[in-house]
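Data first, discussion second: the structure below is written as structure tokens.
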Amino acid sequence: MSYPMAMLVLAGLGGILVLMGLAFFLRPRWLLGWIKGMFVIVLVGGGLYGIAVAMQLRHYQALSHMETIGSLRIEAIGDQTWRVRLDQPGEPAENWTLSGDEWQLDARIIRFGGPFGWLGVSPGYRLERISGRYHSLEQERNDARTVEAVGEQGWPDLWEMDQAWNLPFMEGIYGSATYMPFRDGALYDVRLSSSGLVTVPVNEEARSAVRLWDEE
């Protein structure tokens, strides 16, 4: 199920549950005492939870299988200083200046179960940040490291709420690509599955950098 459709379905079901709960509450002859109260709480709570999840899905993109979610191009602009461009389908290109010898991209991944799984809601992801690091331990300790946010940082965030409160019917996990070497002119594809990120060198500059990196 696509995320726009999932948002509509979850918001619709959530609204129906809230209205049913309020209707039972306003007509006391339908239910009695404690049973009525508990039923109302379950209906309203479930409805509000569904609406909250639907609203938060707008910050994530659906993931159905291993797929290429972006391409990353590197240009040298100084000693251990690089201009990095990330292109994602349907998103404006993003550019950063990073320092170091290697780079890494991180993502937040959400997997759904329970009623969300029954509705066919696919796992979701949001790229979070990109960072650089140095080979030299001395530089890592003494030089400034560069870490940049990727994309729109929505708040409140469904992944953060799951980490804090262990939300039902979902699991938020952290996906990090293996550190890859900077090289002038290198082009990498970033691929993602529901378990994490994979970086693939695309052109000869990137493949050569990885070969030399592996030999060190």
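General remarks:
- Selection count, segment 169-205, where residues are without any contact (Cβ under 8 Å) to a residue 60 or more places away in the chain and in contact with a helix residue (DSSP H, G or I) (Cβ under 8 Å, 6 or more places away or on another chain): 2
- Selection of segment 49-73 for residues being of a type in the set (A, V, I, L, M, F, W, C), at pLDDT below 95, surrounded by 18 or more Cβ atoms within 10 Å (Cβ to Cβ) and closer than 19 Å to residue 200 by Cα yields 63, 69.
- Qualifying strands (runs of 3 or more DSSP E) (wholly inside segment 102-196; at least 2 residues being modelled with pLDDT of 90 or more): 102-112, 124-133, 147-149, 187-193
Conditions tested, residue by residue: (1) in contact (Cβ under 8 Å) with a residue 12 or more places away in the chain; (2) polar (S, T, N, Q); (3) open to solvent by 40 Å² or more (accessible area, probe 1.4 Å); (4) within 28 Å of residue 209 (Cβ to Cβ).
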site: 75; (1), (2), (3), (4): yes, no, yes, yes
site: 85; (1), (2), (3), (4): yes, no, yes, yes
site: 98; (1), (2), (3), (4): yes, no, no, yes
site: 102; (1), (2), (3), (4): yes, no, no, yes
site: 112; (1), (2), (3), (4): yes, no, no, no
site: 122; (1), (2), (3), (4): yes, yes, no, no
site: 141; (1), (2), (3), (4): no, no, yes, yes
site: 144; (1), (2), (3), (4): yes, no, yes, yes
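- Residue 208 closer than 21 Å to residue 91 by Cα, at pLDDT 90 or above, of a type in the set (Ser, Thr, Tyr) and out of contact with any helix residue (DSSP H, G or I) (no Cβ under 9 Å at 6 or more places or on another chain): no
- Going through (1) free of Cβ contacts under 8 Å to residues at least 12 places away in the same chain; (2) over 24 Å from residue 82 (Cα atoms); (3) of a type outside the set (A, V, I, L, M, F, W, C) one by one, residue 162 falls short only on (1).
- On inspection, residue 91 fails the criterion of being open to solvent by 40 Å² or more (accessible area, probe 1.4 Å) and free of Cβ contacts under 8 Å to residues at least 40 places away in the same chain.
The values are calculated or read from the model by the stated rules, or taken from the named source; none is laboratory data. Source: prediction; values computed, not measured. Because the Cβ atoms are built from the backbone with ideal geometry, glycine has one as well, and the counts that use them run over all protein chains shown. These accessible areas exclude ligands, DNA and RNA; they are computed on the full protein's heavy atoms, side chains included. Shrake-Rupley method; radii C 1.70, N 1.55, O 1.52, S 1.80 Å.
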